[in-house]
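One structure is given below, encoded as structure tokens.
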Amino acid sequence: MAETVSQTLSEELFALLQKERFVTLATVDHETGAPSVSSLSWTFAVNSGLIRFAVDSRSRILANIAKEPQVVLHLIGAGSSFAINGRAELKAERLEGVPLKLAMAEIAIDSVRDVMFYGSRISVEPQYEKTYDKNAAAKLDNQVMDALKKA
């Protein structure tokens with residue numbers, strides 16, 4: 001059984017969510033009612049109880065949270081695996097200062113649980129690389145993260 005770490009992010013988890021990183025988001029599919037998991041990178045912890053994220057404005061995630069706002073953000077870091085449960089809400093249909101049509105949502109955190117299986121720890125965190133123009137990717141990433149911080 002997962003152990004409740006707290007009702008807010010620890011300082012270490014908060015620090016991890018101050019920059020772009022790989023996470024997954026679990027929602028309830030608005031059509032089927034089945035679990036749905038998506039990968040995200042544009043996330044930002046506003047404070048220990050609130051996380052913002054950006055997704056394409058056409059993303060199924062937005063329709064899912066409109067119907068059922070309960071979500072789980074899965075974060076691998078700090079030597080473990082964490083399930084961050086909360087309620088998501090669309091905050092902006094169009095993220096300002098970004099050339100792509102991205103929406104912004106926020107997750108109000110209800111609980112943070114360490115969900116790593118017993119007797120183990122994460123030794124290497126997930127890594128990814130952008131497969132398109134590196135300079136364009138860096139510029140877009142900076143624009144999106146700046147917009148999330150300023151929103």
- Note on the structure: Residue hits (the stretch 22-36; closer than 23 Å to Ala92 by Cβ and assigned to a strand (DSSP E or B)) are Val23, Thr24, Leu25, Ala26, Thr27, Val28, Ser36
- Got a sec? Which of Ala108, Ala88, Ala103, Ala54 is out of contact with any helix residue (DSSP H, G or I) (no Cβ under 9 Å at 6 or more places or on another chain), modelled with pLDDT of 95 or more and either within 27 Å of Ser10 (Cβ to Cβ) or part of a strand (DSSP E or B) (or both)? Ala108
- Is one or more of the residues making up the stretch 5-21 surrounded by fewer than 17 Cβ atoms within 10 Å (Cβ to Cβ), assigned to a strand (DSSP E or B) and in contact with a Leu (Cβ under 9 Å, 6 or more places away or on another chain)? no
- Message: If I filter the stretch 37-46 for residues that are more than 18 Å from Met145 (Cβ to Cβ), part of a strand (DSSP E or B) and modelled with pLDDT of 95 or more, do I get at least one hit?
- Response: yes
- Task: Only one of these is within 27 Å of Ala138 (Cβ to Cβ) and within 15 Å of the chain's Cα centre (by Cα): Ala103, Ala92. Name it.
- Result: Ala103
- Task: Tell me which residues, restricted to the stretch 84-112, are surrounded by fewer than 18 Cβ atoms within 10 Å (Cβ to Cβ) and either touching a Ser or Thr at 6+ places or on another chain (Cβ under 7 Å) or closer than 19 Å to Ser48 by Cβ (or both).
- Result: Arg87, Glu89, Lys91, Glu93, Arg94, Lys101, Ala108, Asp110, Ser111
- Item | Single residue of Ser120, Ser57 found to be farther than 17 Å from Leu16 by Cβ, free of Cβ contacts under 8 Å to residues at least 12 places away in the same chain, of a type in the set (Ser, Thr, Tyr) and surrounded by fewer than 18 Cβ atoms within 10 Å (Cβ to Cβ) | Ser120
- Task: Please state which one of Val98, Val115, Val124, Val144 is β-branched (Val, Ile, Thr) and within 16 Å of the chain's Cα centre (by Cα).
- Result: Val144
- Only one residue in Asn64, Asn135 is polar (S, T, N, Q) and in contact (Cβ under 8 Å) with a residue 24 or more places away in the chain, so which one is that? Asn64
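The values are calculated or read from the model by the stated rules, or taken from the named source; none is laboratory data. Because the structure is predicted, anything quoted here is derived from the model rather than measured. Every residue, glycine among them, receives a Cβ derived from its backbone with ideal geometry; neighbour counts consider all protein chains shown.
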